[in-house]
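Written below as structure tokens is the structure these notes are about.
The values are calculated or read from the model by the stated rules, or taken from the named source; none is laboratory data. All figures in this text were calculated on a predicted structure; none of them were measured in a lab. All Cβ positions, glycine included, derive from the backbone under ideal geometry; neighbour counts span all protein chains shown.
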Amino acid sequence: MSVGSVSALWRYPVKSVLGEQVRSASLTSVGIELDRAFAIIDVESGKVASAKRPQLWRKMLDVGRRRGDTIRFPDGETIGVAEAGIDEKLSAFLGRAVRMSTQAAPTDSLDRAIPEEVLERGEGGEAGSTHLVLAQASPDGGFFDYAPYHVILRSSLDHVRDAIGDDSILVERYRANIVIDIPGLEPFAENGWAGIELKIGPNAVLSFIGRRRAARCRCWPMASCRRRRARSPSSSNSTGSSCRSSARPLPASGPSRC
């Protein structure tokens, strides 16, 4: 029985770099094709560079994408992720020695700034961080924070947008892969989807295994900003105050809220 529709599909080929909306996509056990397939690695620490450390890596959100495996710098220059010289160009732009990784490893990890401290002290302030091992719910790998898919309801996005009166609150801010529209469903209902399965299209089933700040899921095939959005602390505050869940947090997922 059909209960709703997919209203948007997004992928983010290079982790923490701007993503792209796609009209169609292959859903695989390692996410939407090319989603989080590449990552920028900090040479000094060996950890994945992530916009979750805004004080250190905020310029990553100025890097866009031209096509799935091609990135674009603010001056318009483009380069493929596997092209010679990309490490030097990224290092010069970010002001720190980095390298592009095209293959995830089981030990990949990142430092995640504590969101409440970032909101309190601003992106330029010193915020504490937690250590996060990537792709713990993605047995086939990938540069995912946890699981291969990030799902959010259209009603949840609309609720946050209406709550703060900001039309720029779009899916890019929350970096979801799949936006689902189910008429009549309450905002943040996806927080209660752990344990259910949702069929999308003819050949894929998403099995919801829990949530971090939105529903996360695994998928099994059945048949075989240049920073474009201004910083908006109120969007995080509104989400936190509007959405509470009694579900147990995932390991290292922080407070139990969406």
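For segment 19-41, what are the residues that are out of contact with any Cys (no Cβ under 8 Å at 6 or more places or on another chain), of a type outside the set (G, A, S) and within 24 Å of A105 (Cβ to Cβ)? Give the steps one after another, and end with the answer.
We begin by selecting, within segment 19-41, every residue out of contact with any Cys (no Cβ under 8 Å at 6 or more places or on another chain); these are 19-26, 30, 32-41.
Narrowing further to those that are of a type outside the set (G, A, S): 20-23, 30, 32-36, 38, 40-41.
Those that are out of contact with any Cys (no Cβ under 8 Å at 6 or more places or on another chain), of a type outside the set (G, A, S) and within 24 Å of A105 (Cβ to Cβ): V30, I32, E33, L34, D35, R36, F38, I40, I41.
If the condition is being crowded, with 21+ Cβ neighbours inside 10 Å and modelled with pLDDT of 90 or more, then segment 158-186 contributes A176, N177, I178, V179, I180. Sub-7 Å Cβ pairs linking a first residue in segment 98-109 that is among the small types (G, A, S) to a second residue that is part of a loop (DSSP other than H, G, I, E, B), at least 6 apart or interchain, are A104/A135; A104/G141; A104/G142; A104/F143; S109/K47; S109/L134, ordered by first then second residue. Meeting the requirement of 1 or more residues that are modelled with pLDDT of 90 or more and in contact with an Asp or Glu (Cβ under 6 Å, 6 or more places away or on another chain), the strands (runs of 3 or more DSSP E) wholly within segment 1-55 are 5-11.
Taking each residue of segment 166-190 that is aromatic (F, W, Y) and looking for partners that are assigned to a loop (DSSP other than H, G, I, E, B) with beta-carbon atoms closer than 7 Å, six or more apart or interchain, yields Y174/A214; F188/C243; F188/C258. In summary, G125 fulfils each of the numbered conditions (1) more than 18 Å from the chain's Cα centre (by Cα); (2) at pLDDT 90 or above; (3) not aromatic (F, W, Y) with the single exception of condition (2).
On the basis of being over 16 Å from the mean Cα position of the chain (by Cα), buried (at least 20 other Cβ atoms within 10 Å of the Cβ) and either closer than 18 Å to L132 by Cβ or of a type in the set (D, E) (or both), does D75 make the cut? Lay out the reasoning, then the answer.
Details: over 16 Å from the mean Cα position of the chain (by Cα): yes; buried (at least 20 other Cβ atoms within 10 Å of the Cβ): no; either closer than 18 Å to L132 by Cβ or of a type in the set (D, E) (or both): yes.
Considered against the rule, which asks whether it is over 16 Å from the mean Cα position of the chain (by Cα), buried (at least 20 other Cβ atoms within 10 Å of the Cβ) and either closer than 18 Å to L132 by Cβ or of a type in the set (D, E) (or both), D75 comes out as no.
Remark: A25 falls outside the filter, which requires a residue to be closer than 20 Å to Y149 by Cα and either within 15 Å of the chain's Cα centre (by Cα) or among the hydroxyl-bearing types (S, T, Y) (or both).
Across segment 35-72, which residue is nearest to the chain's Cα centre (by Cα) among those that are polar (S, T, N, Q) and over 19 Å from R173 (Cα atoms)? So, considering only residues that are polar (S, T, N, Q) and over 19 Å from R173 (Cα atoms), the one nearest to the chain's Cα centre (by Cα) is T70.
Of a type in the set (D, E, K, R), out of contact with any Pro (no Cβ under 6 Å at 6 or more places or on another chain) and surrounded by fewer than 14 Cβ atoms within 10 Å (Cβ to Cβ): is that true of D108 in this structure?
Working: of a type in the set (D, E, K, R): yes; out of contact with any Pro (no Cβ under 6 Å at 6 or more places or on another chain): yes; surrounded by fewer than 14 Cβ atoms within 10 Å (Cβ to Cβ): no.
No: the conditions fail for D108.
Only one entry of G141, G85 meets the criterion of being out of contact with any Leu (no Cβ under 7 Å at 6 or more places or on another chain), surrounded by fewer than 20 Cβ atoms within 10 Å (Cβ to Cβ) and modelled with pLDDT under 85, and that entry is G141.
Among the residues of segment 154-180, those that are among the charged types (D, E, K, R) and over 19 Å from the mean Cα position of the chain (by Cα) comprise D162, D166, D167.
Residue-by-condition table, conditions (1) in a loop (DSSP other than H, G, I, E, B); (2) in contact with a strand residue (DSSP E or B) (Cβ under 8 Å, 6 or more places away or on another chain):
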residue: E126; (1), (2): yes, no
residue: T130; (1), (2): no, yes
residue: A137; (1), (2): yes, yes
residue: Y146; (1), (2): yes, yes
residue: H150; (1), (2): no, yes
residue: D162; (1), (2): no, no
residue: R173; (1), (2): no, no
residue: I180; (1), (2): no, yes
residue: P187; (1), (2): yes, yes
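Could you say which residue among T130, T70 is over 30 Å from E197 (Cα atoms) and either at pLDDT 90 or above or loosely packed, with under 13 Cβ neighbours inside 10 Å (or both)?
Working: T130 fails: either at pLDDT 90 or above or loosely packed, with under 13 Cβ neighbours inside 10 Å (or both).
Going through T130, T70 in turn, the sole match is T70.
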